[in-house]
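Here's the structure we're looking at; comments come further down.
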Amino acid sequence: MTQRIALIGKPLRRRHSQVMHDAAFAAAGIDARYELLELEADAVEGAVNEARGPDWLGLQVTAPYKRLVAGLCDLVEADAATIGAVNSVARTATGDLLGFNTDAPGFRAAVELAMGRPLAGVDVVVAGAGGAAHAVVFACLSAGAGRVTIGNRTVSFARELAKRFVDIGAGSITAVALRDPAFAAALRSADLAVNATTVGMLESGSTIEVEQLPAGATVFDLVYVPPETPLLLAARARGLRAANGSEMLIQQAAIAFERWTSVSGMAGVMRAAVAPLLVDASARA
Ligand code: NAP
């Protein structure tokens, strides 16, 4: 019996996840396939219920259904509930659906590689307060970051995010508007600056003034299409460590794969499989 994983969302423009997981299934000798299910909202519940069947390993979920699917799971892990987003679901041996989040641990693994050190004690500045920023801020605080400053175009969303995570970890958390001088001031002492907005992907431009950052800082842009955003180009021109979101994508996929199959160590296989799509800025399904 061929086992199944499906990505649920609308629209589904990219096939990066399918390419990574199918390569990992092949490398691990597992008879399974990763399908893309672009669904209207009224079809989501039926698709989720189908995944309770014995041929299913689980699901992945992308916009706009992360909240909807969380509500259809039998159980949601504590971290995913705190972040407010389920992006992966595993079918348990008893046929229950367990929702979890791989963006937060995927970000942590990727950013620690980019920085060459753990997040513990790090002074972080995050641009953005959307779904991805929730995973980023949660990952930083739960990994022991010393200070997290969130800057968002709409300051009320940054404040809500800060309030939501005020009890996570021992670090301090501050919310400001992206244009507030306090955001630029926070950059001056940051060890890590993260772009978790769609700027650089949906539109050109940059959320972070790299000239404010200290010489030892790392810049991490969650955007991976295009592979080099204006932010990353500016960071590299200044000689800063800089990484795009491709490694986060790979790490979160490897974490989900291990949860479904108990097979670890697939990041290398996935990285090689997805590499052609990551260098091609027009790579959309
Ligand atoms: P989202 O929930 O729609 O949030 C979008 C964020 O971008 C909000 O904070 C929004 O600010 C901000 N924004 C949009 N246009 C802006 C502008 N012109 N100037 C300043 N801020 C602007 O999106 P998301 O799901 O968090 O995704 C954010 C990015 O992360 C996307 O590029 C996505 O591809 C990437 N991502 C990457 C990975 C990975 O594995 N590498 C995983 C998840 C997401 P307002 O609140 O003011 O609207």
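In nm, to one decimal, how far is the residue 180 label point from the residue 160 one, both placed 7 Å along Cα→Cβ?
Taking the two extended label points, one gets 1.7 nm.
Below 8 Å between Cα atoms, with a sequence gap of 6+, how large is the relative contact order for the chain in percent?
Details: 599 pairs, mean separation 48.8, N = 285.
The value is 17 percent.
Give me the Kirkwood hydrodynamic radius of the range 213-262 in Å, from all C-alpha pairs, to one decimal place? Walk me through the numbers before you get to the answer.
Numbers: mean 1/r = 0.0831 Å⁻¹.
After inverting the pairwise mean of 1/r, the radius is 12.0 Å.
Only counting other Cβ atoms within 10 Å, I'd like 140, 73 sorted with the fewest neighbours first.
Values: 140 30, 73 20.
If I rank by nearby Cβ atoms, fewest first, I get 73, 140.
Over its Cα atoms, what ratio of radius of gyration to 2.2 N^0.38 Å does the range 104-244 give?
Working: Rg = 13.2 Å, N = 141, 2.2 N^0.38 = 14.4 Å.
Compared with the compact-globule rule of thumb, the range 104-244 sits at 0.92.
Going by C-beta contacts inside 10 Å, put 197, 154 in order with the fewest on the left. Before the final figure, lay out each step's value.
Values: 197 28, 154 12.
If I rank by nearby Cβ atoms, fewest first, I get 154, 197.
Which ordering of 20, 266 is given by a fewest-first count of other beta-carbon atoms within 10 Å? Present the calculation step by step, with values, prior to reporting the outcome.
Values: 20 27, 266 24.
The most exposed by this proxy come first: 266, 20.
With labels modelled as points extended 7 Å from the Cα through the Cβ direction, what inter-label distance (nm, one decimal) is found for residue 79 paired with residue 172?
2.7
Taking only the C-alpha atoms, wrap a convex hull around the chain and report its volume per residue in Å³ as a whole number.
Working: hull volume 34.9 nm³, N = 285.
Spelled out: Cα convex hull of the chain, divided by residues, is 123 Å³.
Values quoted throughout were computed directly from the atomic coordinates according to the rules given, and no laboratory measurement underlies them. None of the values given here were measured: they were computed from a predicted structure. Every residue, glycine among them, receives a Cβ derived from its backbone with ideal geometry; neighbour counts consider all protein chains shown.
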